[in-house]
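I have placed the structure first, in the form of structure tokens, so that the comments after it can refer back to it.
Taken together, the values in this text are just the output of simple stated rules run on the coordinates, not laboratory data. None of these values were measured; they are calculated from a predicted model. Positions of Cβ are generated from backbone atoms using ideal geometry, with glycine treated the same way; all protein chains shown enter the neighbour counts.
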Amino acid sequence: MSKIKITSLSPVHIGDNDTKTLTSLADFIFENEQIKLIDHKKLENFFAENPQFMEDYIKEVNYHSGKPYDLKKFLGKYHIEIDEVISDKVIPVIGEFSAKEIHPFISENGKKYLPGSSVKGAIRNALAY
């Protein structure tokens, strides 16, 4: 059996099995070349304090589905600073970022990995053609 070395000419993304996606409507904001994830527990605390805030938030998310949306601006209407609802996890971005959704990478116990069957299948298909 001979070894084959493959170099990817474009970015490779092995997506999560689940249909989880992070959306700019409710899950993250992009600011200062970073993706800042929303801590939903912190956001829930604000909902508990102000039920009207939760109702307005749900209306905004439903209305802006698929449209540009500024979560930071919306929170500002309620005098909530974005730092009060983001998690400690920040993802640095190199280059341009304009996505409204992020598809997570497959992981197990918080550790990302490349599933062997998916990579092998992609290589087999490439070699077949």
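A few comments on the model shown:
- Here the Karplus relation 6.51 cos²θ - 1.76 cosθ + 1.60, evaluated at θ = phi - 60°, turns the backbone of the stretch 28-38 into coupling constants of 7, 10, 10, 7, 6, 6, 9, 9, 10, 7, 7 Hz, with x for every Gly and Pro.
- Along the stretch 57-64 the Karplus relation, 6.51 cos²θ - 1.76 cosθ + 1.60 evaluated at θ = phi - 60°, assigns HN-Hα couplings of 4, 4, 4, 4, 4, 5, 5, 8 Hz to successive residues, with x for each Gly and Pro.
- Gain on full extension, evaluated as 0.36 nm per residue between His79 and Lys20 minus their Cα-Cα distance, stands at 18.3 nm.
- Normalised by residue number, the volume inside the convex hull of the Cα atoms of the stretch 37-79 is 77 Å³ per residue.
- Close amide H partners of Tyr69, meaning residues 5 or more places away or on another chain with modelled amide H under 5 Å apart, do not exist here.
- Shown is the FRET efficiency for Glu31 and Lys111, computed with R0 = 25 Å from the Cβ-Cβ distance and rounded to the nearest 0.05: 0.40.
- In this structure, the amide hydrogen of Ile38, modeled 1.01 Å from its nitrogen in the peptide plane, lies closer than 5 angstrom to those of Phe28, Ile29, Ser87, counting only residues at least 5 positions away or on a different chain.
- Pairwise FRET efficiency - Tyr63 versus Phe97, Cβ, R0 = 22 Å, nearest 0.05: 0.40
- Separation in nanometres of the label points that stand 7 Å from Cα toward Cβ, at Phe47 and Ala128: 4.5 nm
- Cross-link check: pairs Lys41/Lys89; Lys42/Lys89; Lys20/Lys73; Lys42/Lys67; Lys36/Lys73; Lys3/Lys111 evaluated at a Cα-Cα cut-off of 20 Å; pairs beyond the cut-off: Lys20/Lys73; Lys42/Lys67; Lys3/Lys111.
- For Val90, no residue whose modelled amide H falls within less than 5 Å of its own remains once neighbours fewer than 5 places apart on the same chain are excluded.
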